[in-house]
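S.K.: Take a look at the following structure, please.
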Amino acid sequence: MMHIYEEASRCLLCDNAPCTKACSNGDPARAIRAIRFDNAGSALRWVTRCSDADLERAEQACIHYDRPIRIRELLSNCGPQSKAETMPSLAIEFCGIKCENPFFLASSAVCTNYEMVAKALEAGWGGVFYKTICKQDIREVSPRFDAVKDGTEMIGFRNMEQLSENPHEVDFEILNRLKKKYPHKVIIASIMGQYEEEWGELALMAQNAGCDAVELNFSCPQMRLAGLGSDVGQDPELVTFYTAYVKQAVNIPVIPKMTPNITQINQPAIGAYFAGADAISAINTIKSITMSPLAQVNGKQTISGYSGRAVKPIALRFIQEMAANPIMRKVQYSGIGGIETWRDALEFIQLGCRSVQVCTAVMQYGYRIIDDLILGMQTYMAERGIDSLDKLVGEQLPAFVLPSGLDRDTLVYPKIDREKCIGCGRCYISCSDGGHQAISFNADTRQPQITGTKCVGCHLCRLVCPTGAIGVAKRINKK
């Protein structure tokens, strides 16, 4: 059976897709995009009227640089379709602000002017954390981006971009226009000052512009001047001081944005909490290096921020640590880091976030991914019988314990599905060289066999299996 996600991931996600233009009775490009963004159970709704001839023409029109996407086979392997008839609302309150959904643009290159933000809000995004406003003269480098890639997709994304290049007065005028045009959307200004009076002044300008809240950027990792960005976020005293100062200056919610470039995020976060923060955003990008010669700036390199799907586990770790801290029970969270699909967003929400912010995925795929973020979350809720997003917030926090609290008296054996196994031997190689030598492999029959007396249930074999042929058996007591 085809790995539908792998095939959908080959799709170039073209603008004005030739496959859909060639199909007169449906939208195969939209169906493929649904599969790519974890909505395979809803994909066929866009091709219900398509004949085999329609889909054949779509395949022939595919402009893939390698080979055309196998559209007919892909769609025929989508599996059971969702039976959800009515979709629940995704409305939620964040810092007392009513949000039509929890999906926001993160403060970044995806929201630097009126036209960009307006386009995103029209597409269905719940709101925006506008690109960080400051009073500095921002001068950017070229090139400013680099990536760790798998084919055409970016696993990790490195950027050297700093803050908004617009004069701060222009940015606040843009935010004022946006709030007037879209009063039901959530408009949040991200700001960065150099000293306390500047933090307060910028925050007050955000409030006067009609912004719903203000985010304090304590976390940008590539500021060219010392004492800014993550230099602040690594210093609990400065986080506390600047947060308290801004809270005294404005009446709108104040949201410090934490840096991941620190060992204990709870130290500055607690400072922000006691200073009166209404919510905390986390995380900003992680300091990193990529070595591509094409990313050099006139022959020079530097340390800068890393984002994309590679950082999601790190972001989740920081969110969980803060949300599980009993001291900060009353503060809310906005999750950032590696969110591409609705399931990524769900994980942040289940760890306590009431909103999520997206940047790198938009840079790669465009604002249109909001369609699948909304569809996937609604379908998931409908299938679980959940009528309110509030019921998902923090629901997985009780599952987390310290290492000392984990069950060490039972194990789960891996289980091989012979129908899916193709006899490649990957499980055998990994177990032999990186595990506990618990798998034997018959070179003639090409059949792996698990030896129970040696297997410790580490599940390395399951993770390396390229066909998903290794699952799990029932948990049992260790002998």
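The values are calculated or read from the model by the stated rules, or taken from the named source; none is laboratory data. Since the structure is predicted, the reported quantities are computational estimates derived from the model, not experimental observations. Quick reminder, even Gly has a Cβ in these numbers, built from the backbone with ideal geometry, and neighbours come from all protein chains shown. Heads up: the accessible areas ignore ligands, DNA and RNA and are worked out on the full protein's heavy atoms, side chains in. Shrake-Rupley method; radii C 1.70, N 1.55, O 1.52, S 1.80 Å.
S.K.: Please compute the Cα-Cα pair-distance distribution of the stretch 55-179 with 5 Å bins starting at 0, giving whole percents from short to long.
M.R.: Calculated over all Cα pairs of the stretch 55-179, the distribution is 2, 8, 11, 12, 13, 13, 15, 11, 7, 5, 2, 0 percent.
S.K.: Another one. In the stretch 56-206, what % of DSSP beta bridges are antiparallel (nearest 5)?
M.R.: Here the antiparallel bridges make up roughly 55 percent for the stretch 56-206.
S.K.: So which chymotrypsin sites (Phe, Trp or Tyr not before Pro) in the stretch 326-428 pass both tests, a DSSP loop state and at most 16 other Cβ atoms within 10 Å of the Cβ?
M.R.: Loop-located and lightly packed - F400.
S.K.: Another one. Where in the stretch 50-139 are there GluC sites (Glu not before Pro) that are in a DSSP coil and have at most 10 other Cβ atoms within 10 angstrom of their Cβ?
M.R.: E85
S.K.: Considering the stretch 370-479, what Rg and Dmax in Å follow from its alpha-carbon atoms?
M.R.: 19.0, 56
S.K.: How long is the gain from R343 to I155 if the chain were fully straight, where each residue apart is worth 0.36 nm and the alpha carbon distance is subtracted?
M.R.: 66.0 nm
S.K.: Only sites in a loop by DSSP and with at most 16 other Cβ atoms within 10 Å count here; which trypsin sites (Lys or Arg not before Pro) in the stretch 266-354 make the cut?
M.R.: In loop regions of the stretch 266-354 (DSSP not H, G, I, E or B), the sparsely surrounded trypsin sites (Lys or Arg not before Pro) are R329, K330.
S.K.: Sort 451-462, 261-272 by the packing proxy (mean of other Cβ within 10 Å over each peptide's residues), most packed first.
M.R.: Ranking the peptides 451-462, 261-272 by packing returns 261-272, 451-462.
S.K.: Looking at N166, A361, F37, which one has the Cα that reaches farthest to the positive end of the dipole of the chain (charges on Cβ: Lys, Arg +1; Asp, Glu -1)?
M.R.: The one lying farthest along the dipole's positive direction is F37.
S.K.: Ok, one more. Would you please give the FRET efficiency between I429 and L12, computed as 1/(1 + (r/R0)^6) with r the Cβ-Cβ distance and R0 = 35 Å, to the nearest 0.05?
M.R.: 0.60
S.K.: To the nearest Å, what is the center-to-center distance of the stretch 1-69 and the stretch 172-196, using C-alpha atoms only?
M.R.: 38
S.K.: Stretched out fully, how many nm does the piece from E395 to V170 gain, at 0.36 nm a residue minus the Cα gap?
M.R.: Stretched fully, the E395-V170 segment lengthens by 76.8 nm.
S.K.: Can you give the accessible area of I416 in Å² (nearest 10), computed on protein heavy atoms with a 1.4 Å probe?
M.R.: 30
S.K.: If I model the chain as equal point scatterers sitting on the Cα atoms and use the Debye formula, what is log10 I(q)/I(0) at q = 0.13 Å⁻¹?
M.R.: Debye output, listed in q order: -1.30.
S.K.: Give the calculated FRET efficiency between R368 and R317 to the nearest 0.05, with a Förster radius of 30 Å applied to their Cβ-Cβ distance.
M.R.: The value I calculate is 0.50.
S.K.: Which ³J(HN,Hα) values in Hz, rounded to whole numbers, follow from the phi angles of the stretch 42-50 under the Karplus curve 6.51 cos²θ - 1.76 cosθ + 1.60, where θ = phi - 60° and Gly and Pro get x?
M.R.: For the stretch 42-50, the Karplus curve yields 10, 5, 6, 4, 8, 10, 4, 9, 7 Hz.
S.K.: While we're on this one: Taking R0 as 51 Å, what FRET efficiency do you get between D417 and E115 from their Cβ-Cβ distance, rounded to the nearest 0.05?
M.R.: 0.50
S.K.: Pop out the Kirkwood hydrodynamic radius of the stretch 429-479 from its pairwise C-alpha distances, inverse of mean 1/r, in Å to one decimal.
M.R.: 11.8
S.K.: Related question: In the structure shown, do any of K420/K474; K83/K149; K181/K312 have a Cα-Cα gap over 31 Å, and if so which?
M.R.: Over 31 Å Cα-Cα: K83/K149; K181/K312.
S.K.: Just round it to a whole percent: the fraction of Cα-Cα distances in the stretch 386-440 exceeding 12 Å.
M.R.: Tail fraction, whole percent: 79.
S.K.: For the chain, what is the percent of antiparallel DSSP beta bridges, rounded to the nearest 5?
M.R.: 50
S.K.: Taking every DSSP beta bridge with both residues inside the stretch 146-222, roughly what % is antiparallel (nearest 5)?
M.R.: Counting only bridges with both partners in the stretch 146-222, antiparallel ones make up about 55 percent.
S.K.: By a straight-distance test (C-alpha under 14 Å), which aspartates and glutamates pair with K98 as possible cross-link partners, with residues fewer than eight away in the same chain excluded?
M.R.: Leaving aside aspartates and glutamates fewer than 8 places away in the same chain, those within reach of K98 are D212, D390.
S.K.: Hey, which lysines would be in cross-link range of K247, C-alpha to C-alpha under 18 Å, not counting anything within fewer than 8 residues on its own chain?
M.R.: Answer for K247, where 18 Å is the Cα cut-off: K257, K330, listed by chain and number.
S.K.: Now for a different question. Share of the stretch 254-301's accessible area from carbon and sulfur, percent, 1.4 Å?
M.R.: So the carbon and sulfur contribution to the accessible surface is 55 percent.
S.K.: Using 7 Å Cα-to-Cβ label points, what is the H64/I476 separation (nm, one decimal)?
M.R.: For the pair H64/I476, the computed spacing is 4.3 nm.
S.K.: Which of rounded, prolate or oblate describes the stretch 272-345 when judged by the alpha-carbon gyration tensor and an a/c cut-off of 1.5?
M.R.: prolate
S.K.: Please give the calculated 222 nm ellipticity per residue for the chain, where each DSSP H segment of at least 4 residues contributes -39500 (n - 2.57) and the sum is spread over every residue; nearest 500 deg cm²/dmol?
M.R.: Taken over the chain, the calculation gives -9500 deg cm²/dmol.
S.K.: Classify the stretch 67-124: rounded, prolate or oblate, from the alpha-carbon gyration tensor (a ≥ b ≥ c, eigenvalue square roots; a/c under 1.5 rounded; otherwise prolate if a/b is larger than b/c)?
M.R.: Judged from the Cα gyration tensor, the stretch 67-124 comes out oblate (a/c at least 1.5, b/c at or above a/b).
S.K.: Working from the pairwise distances between different alpha carbons, so that the mean of 1/r is found and then inverted, what is the stretch 7-95's Kirkwood radius in Å?
M.R.: 13.8
S.K.: Which three semi-axes in whole Å describe the equivalent ellipsoid of the stretch 275-406, each the square root of 5 times a Cα gyration tensor eigenvalue, listed largest first?
M.R.: Whole-Å semi-axes of the equivalent ellipsoid: 29, 21, 13.
S.K.: Right, something else. In whole angstrom, how long is each semi-axis of the equivalent ellipsoid of the stretch 21-66, when you take the square root of 5 times every eigenvalue of its Cα gyration tensor and sort them from largest down?
M.R.: Those come to 17, 15, 7 Å.
S.K.: Can you work out the accessible area per residue across the chain, with the rest of the protein chains kept in place, probe 1.4 Å, in square angstrom?
M.R.: 46
S.K.: Now for a different question. Quickly work out the R408-to-L463 label distance, labels modelled 7 Å from Cα along the C-beta direction, and quote it in nm with one decimal.
M.R.: 2.0
S.K.: Using every pair of alpha-carbon atoms in the stretch 134-225, split the distances into 5 Å bins beginning at 0 and state the percent of pairs per bin, rounded to integers.
M.R.: So the P(r) values, bin by bin, are 2, 12, 19, 19, 15, 13, 11, 5, 2, 0.
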